[in-house]
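Computed from the coordinates by the stated procedures, all read-outs in this text should not be read as laboratory data. Because the structure is predicted, anything quoted here is derived from the model rather than measured. In this analysis, Cβ positions are derived from the backbone assuming ideal geometry, glycine residues included, and neighbour counts consider all displayed protein chains.
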Amino acid sequence: MYLSTIEKRNYLIGFLFIIFMVSIATFLNDLEIILPEIGALTAGTWIYQNDGWIHQPTKIFLAPSGTAIIGFLVNQLSIGYAQKVLIGLLLMLILLKILRSNLAPSFATGLLPIIINATHWSFIVAILLFTLALMCGVFLQGSYKETTPDKAIQKHHMIIFTIMAIIWVGAVWFFGFAQMAAIPPVMVVFFEVLQKPDYKWRMAAKHFIALVGAASIGVFVHTFIASWIVSALIAMPLVFILLQLLRIKLPAAFAFPLLALVLPKSMFHMLPITAILASTFFLGSIVVLKKIKPILQTKTE
């Protein structure tokens, strides 16, 4: 995939921004400052300049910050992990509906405090500062002025997302793998493609390879390299190469190497398997739903 000079510059700036975040976390020895979805947001807003993400720059700050606060507060509740994930997702959907935002990475920033059991306010401060920086970057680039807005979240999309999340969370909890309930990058991709008019097996297969590949890269690199900075320096370019080979732009994939850095030990080695199962379930389901949608419409007409 050919990259223009501007695209190369944007990739470099985005990459340096992510490394800056990891460097601060290393310097302060605070794992909660590493925010995996900042990697995805950086790719989607600064590098790919996704129209739907940058059209209203203020929501780059408001939506992820709001869901992060929701996740942080829900994590304080004395309930099970799976229940926290489900309640958090429902509240995040409501917030995005109120904000009229389709910024899918917001789910990931909201789920992260539950996944890593964030308890320090440094997490909230970090998410506020880094999303604010991303928002300012989009304003400075100015590309948002030439974009067209996405449609507001549709009720039937909210219903489908909720049902699929309930099925997934219920299934992993039933089989004793509650730690698989939240897999943010996959849910982000699911929410995005859910709102597209069409989604075929070929693209689903590419997304599957990208997500599972990025998760595997993150785990493999961090298994042998303990340093957060060095791991990120190696893993992030590898994910970039993978996406170039697949010829796709998938911001969520950039979150996996950072997610591997912050996961609890009990979830770390399971990440590639969890990515396989979650990607198969969510992406496979959306392909089937898109195929039967015309049939359902024909029967109701």
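Worth a mention:
- Computed over region 1-74, Cα set: Rg, Dmax in Å: 14.1, 44
- Divide the volume of the convex hull around the Cα atoms of region 19-138 by the residue count and you get 86 Å³ per residue.
- Which of SER227, SER101 has the fewest Cβ neighbours within 10 Å, and the rest in rising order: SER227, SER101
- Residue exposure sequence - PHE190, PHE174, PHE281 - by fewest surrounding Cβ within 10 Å: PHE174, PHE281, PHE190
- Note on the chain: with charges restricted to the Cβ of Lys and Arg (+1) and Asp and Glu (-1), its dipole about the Cα centre is near 760 debye.
- Restricting the calculation to Cα atoms, every distinct pair contributes to the Kirkwood radius of region 124-223, found to be 16.9 Å.
- If only the Cβ of Lys and Arg carry +1 and only the Cβ of Asp and Glu carry -1, the dipole of region 198-301 around its Cα centre is close to 340 debye.
- Percent RCO, i.e. relative contact order, over region 152-301, from Cα pairs under 8 Å lying at least 6 residues apart: 32
- Alpha-carbon radius of gyration plus Dmax, which is the widest Cα pair, for region 5-300 in Å: 17.8, 60
- Each Lys or Arg adds one and each Asp or Glu takes one away; over the other residues whose Cβ falls under 14 Å from the Cβ of LEU246, this sums to +4.
- With semi-axes defined as the square roots of five times the eigenvalues of the C-alpha gyration tensor, the equivalent ellipsoid of region 175-301 measures 30, 17, 9 Å, largest first.
- Neighbourhood charge, 14 Å Cβ-Cβ cut-off, centred on TYR48 and excluding it, Lys, Arg +1 and Asp, Glu -1: +1
- GNM top mover of LEU111, LEU12, LEU277 - the chain, alpha-carbon springs below 10 Å: LEU12
- Per residue of the chain, the DSSP helices (runs of n ≥ 4 H) give a summed -39500 (n - 2.57) that works out to -24000 deg cm²/dmol at 222 nm.
- Across the chain, Cα pairs under 8 Å and at least six residues apart give a relative contact order of 24 percent.
- Pairs beyond 20 Å (Cα-Cα), from LYS59/LYS206; LYS97/LYS145; LYS97/LYS155: LYS59/LYS206; LYS97/LYS145
- Taking other C-beta atoms within 10 Å as the exposure proxy, ILE241, ILE70 rank ILE241, ILE70 from fewest upward.
- When the charge dipole of region 5-300 is built from unit charges on Cβ atoms (+1 for Lys and Arg, -1 for Asp and Glu) and taken about the Cα centre, the candidate among GLY88, ILE292, PHE20 whose Cα reaches farthest toward its positive end is ILE292.
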